[in-house]
Amino acid sequence: MGIPAGRCLAPVVPKVLLILADGFEEMEAVAPIDILRRAKAEVTVAALGAGIHVTGRNGIVVHADTTLDAVLSGDPRDYDCLLLPGGPGVALLRADPRVRALVLRQNAAGRLLAAICAAPLVLADAGVLDGRRFTAHFSTAAELPRYLPGERTVEDGNILTSRGAGTAADFGLLLVERLFGRDLAREIAASICA
């Protein structure tokens, strides 16, 4: 049984939603975005606030694609991965009930939840790290005593975590591996000398 003549099945392009809050760690957002876009993932960068310009912890301003409100006015359930960068902006992510609702919805559907640096705190607040292996930045140890400090990235089912800015490229490659497969992740790693 094959594809009927004249019909072509288009490849499914994985969709990723990355939420940026003021104070985000620039490397932890930009490196995974870059690597995912090299793989041809459809990455939507959504600003947590009302405007589309978001200032990182080091003063770098990123022009988001849209706002979280605009994403939520559509259908946010079709994202294959929800990606949360760390940095001081995590406090804003933790305080926003919309982010918690997205985390819970994504987890209930078994879709990927990816968090780096301090962002695993957002996952912990939603209760999705219970009984899971994960890593995070050492500054979160008081709140996340079960984190694995020696691991650059940790994968446990649909939960993907990474330690911090220095592991952002590794994290991006892990996301590509989960969304596209090991071969493409290796190809991209070779192209960026990782």
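Taken together, the values in this text are just the output of simple stated rules run on the coordinates, not laboratory data. These numbers come from a predicted model, not from an experiment. Counting neighbours? That spans all protein chains shown, and the Cβs are built from the backbone with ideal geometry, glycine included.
Compute the convex hull volume of the Cα atoms of the range 133-194, divide it by the residue count, and report the result per residue in Å³ as a whole number.
Working: hull volume 4.6 nm³, N = 62.
That works out to 75 Å³ per residue.
Compute the signed sum of charges (Lys and Arg +1, Asp and Glu -1) over the other residues within less than 11 Å, Cβ to Cβ, of Leu121. Spell out each step's value before the answer.
Numbers: positive: Arg94; negative: Asp125, Glu143.
Summing Lys/Arg as +1 and Asp/Glu as -1 gives -1.
Principal semi-axes of the equivalent ellipsoid, √(5λ) from the alpha carbon gyration tensor of the range 15-187, are 20, 18, 17 Å from largest down. Charges on Cβ only, +1 for Lys and Arg, -1 for Asp and Glu, centred on the Cα centroid of the chain; of Ala101, Ala118, Val62, which one is farthest towards the dipole's positive end? The Cα lying farthest towards the positive end belongs to Ala101.
Over its Cα atoms, what ratio of radius of gyration to 2.2 N^0.38 Å does the range 87-158 give? Walk me through the numbers on the way to the answer.
Numbers: Rg = 11.4 Å, N = 72, 2.2 N^0.38 = 11.2 Å.
Output field value: 1.02.
Does a label point 7 Å from the Cα of Lys15, set along Cα-to-beta-carbon, have any residues of the range 76-96 with amide nitrogen under 16 Å, and which are they? Label zone hits: 76-83.
Roughly speaking, what is the stretch gain from Asp69 to Ala95, that is 0.36 nm per residue apart minus the C-alpha to C-alpha distance, in nm to one decimal?
Details: separation 26, 0.36 × 26 = 9.36 nm, distance 1.54 nm.
Full extension of this stretch gives 7.8 nm more.
Only beta bridges with both residues in the range 15-187 are counted; by DSSP, about 25 percent of them are antiparallel. According to the Kirkwood relation over distinct C-alpha pairs, the hydrodynamic radius of the range 34-87 is 12.4 Å.
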